[in-house]
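**Q** Sharing a structure, written as structure tokens. Questions coming.
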Amino acid sequence: MPSLEALCRRLFGHSGWMPKVLWGGLLSFIPFLNLFSLGYLLEYAIRLRQSRQWELPEWRDMEIPSLLSNGVRMLLIFLAYGGIPILVGWMASQLVDFLSFGLLGIVSYFPLALSAFFCPFLVLASIHAYLRDGLFSDCWDVRAVLLSARATWSNLIIPVIAFWGIILLALPLYGLAFFVGTWVLLAYSSALLFSKPAETSSIR
């Protein structure tokens, strides 16, 4: 299994990563323009899958139509595998709060917290289902996505905890925190796939 520490050294060891991250984080704050940030992250995952290039690509090398189309794909994935579970968790929490007459306080929101915690596993599984053959329809094979998330959750639990930790600690800078956290999660989940026996891992 790849080392998260080694991967972070590799990612942040490349020169020039900070301006690319700052651009991505800045765009993440702006409605509609955040689609370009999402598209950039998906483009990074595609290039990583194809060429094992861990460094973030140059923004000036990106094509606007490609960024936009990939951004829409990422948005749909986030809405389906992130938004829907969070909505269900919120409704469940509201129900628990109602049935307990508010006596449980913050504890009643445990279903929401639990669903939010597991969203990254589903989102990553869906993204890699798409990257496997380049067919966006593969993202919507819910059973396959659930099985993939179940198979990888134990290896991803530490990076996911770190992801939510970054989001919570840097909440005022949520756009930048989201961009960096998603970048690391995409890279680490890709490294897990590369480390499978059928593939040759390039990071340990």
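**Q** Scan segment 85-92 and tell me whether some residue there is under 14 Å from Val123 (Cα atoms) and either open to solvent by 60 Å² or more (accessible area, probe 1.4 Å) or without any contact (Cβ under 8 Å) to a residue 40 or more places away in the chain (or both).
**A** Scanning segment 85-92, I find at least one residue that is under 14 Å from Val123 (Cα atoms) and either open to solvent by 60 Å² or more (accessible area, probe 1.4 Å) or without any contact (Cβ under 8 Å) to a residue 40 or more places away in the chain (or both), so the answer is yes.
**Q** If you don't mind, there's one more thing I want to ask. So is Leu41 open to solvent by 30 Å² or more (accessible area, probe 1.4 Å), within 24 Å of Phe136 (Cβ to Cβ) and either touching a Gly at 6+ places or on another chain (Cβ under 9 Å) or modelled with pLDDT of 95 or more (or both) or not?
**A** Details: open to solvent by 30 Å² or more (accessible area, probe 1.4 Å): no; within 24 Å of Phe136 (Cβ to Cβ): yes; either touching a Gly at 6+ places or on another chain (Cβ under 9 Å) or modelled with pLDDT of 95 or more (or both): yes.
Answer is no for this residue.
**Q** Sticking with this structure for a sec: I'd like to check which helices (runs of 4 or more DSSP H) are fully inside segment 1-56 and have at least 1 residues that are polar (S, T, N, Q) and out of contact with any Ser or Thr (no Cβ under 6 Å at 6 or more places or on another chain).
**A** Answer list for segment 1-56: 34-51.
**Q** Give me the pairs: first residue in segment 44-58 and of a type in the set (A, V, I, L, M), second residue surrounded by fewer than 15 Cβ atoms within 10 Å (Cβ to Cβ), beta-carbon distance under 8 Å, and six or more apart or on different chains, which are they?
**A** So the pair list comes out as Leu56/His14.
**Q** Right, another one. Would you confirm whether any residue within segment 118-136 is acidic (Asp, Glu), modelled with pLDDT of 95 or more, surrounded by fewer than 20 Cβ atoms within 10 Å (Cβ to Cβ) and over 14 Å from the mean Cα position of the chain (by Cα)?
**A** Within segment 118-136, none of the residues are acidic (Asp, Glu), modelled with pLDDT of 95 or more, surrounded by fewer than 20 Cβ atoms within 10 Å (Cβ to Cβ) and over 14 Å from the mean Cα position of the chain (by Cα).
**Q** What do you reckon, is Trp54 of a type outside the set (S, T, N, Q), at pLDDT below 95 and surrounded by 13 or more Cβ atoms within 10 Å (Cβ to Cβ)? Explain how you work it out, then say what you get.
**A** Values: of a type outside the set (S, T, N, Q): yes; at pLDDT below 95: yes; surrounded by 13 or more Cβ atoms within 10 Å (Cβ to Cβ): yes.
Spelling it out, Trp54 is indeed of a type outside the set (S, T, N, Q), at pLDDT below 95 and surrounded by 13 or more Cβ atoms within 10 Å (Cβ to Cβ).
**Q** Would you mention how many residues in segment 117-166 are more than 24 Å from Glu5 (Cα to Cα) and among the aromatic types (Phe, Trp, Tyr)?
**A** 3
**Q** Can you name the residue in segment 93-117 that is farther than 26 Å from Leu42 by Cα and among the hydroxyl-bearing types (Ser, Thr, Tyr) and, of all such residues, is most open to solvent (accessible area, probe 1.4 Å)?
**A** It comes out as Tyr109.
**Q** Say we look at segment 1-27 and pick out the residues that are among the small types (Gly, Ala, Ser) and open to solvent by 20 Å² or more (accessible area, probe 1.4 Å); which of these is farthest from Pro57 (Cα to Cα)?
**A** Ser3
**Q** Within segment 166-177, can you find the residues that are within 17 Å of Phe12 (Cβ to Cβ) and within 14 Å of the chain's Cα centre (by Cα)?
**A** Scanning segment 166-177 gives Ile166, Leu176, Ala177.
**Q** Something else: Which of the residues that make up segment 138-167 are within 14 Å of Arg73 (Cβ to Cβ) and open to solvent by less than 80 Å² (accessible area, probe 1.4 Å)?
**A** Asp138, Cys139
**Q** Out of (1) touching a residue at least 40 places away in the same chain (Cβ under 8 Å); (2) over 17 Å from Tyr174 (Cβ atoms); (3) within 17 Å of the chain's Cα centre (by Cα), what's the single condition that is false for Leu41?
**A** The one condition Leu41 does not meet is (2).
The values are calculated or read from the model by the stated rules, or taken from the named source; none is laboratory data. Note that the structure is predicted; figures quoted are calculated from it, not measured. Note: ideal-geometry Cβ built from the backbone for every residue, glycine included; neighbour counts use all protein chains shown. These accessible areas exclude ligands, DNA and RNA; they are computed on the full protein's heavy atoms, side chains included. Shrake-Rupley method; radii C 1.70, N 1.55, O 1.52, S 1.80 Å.
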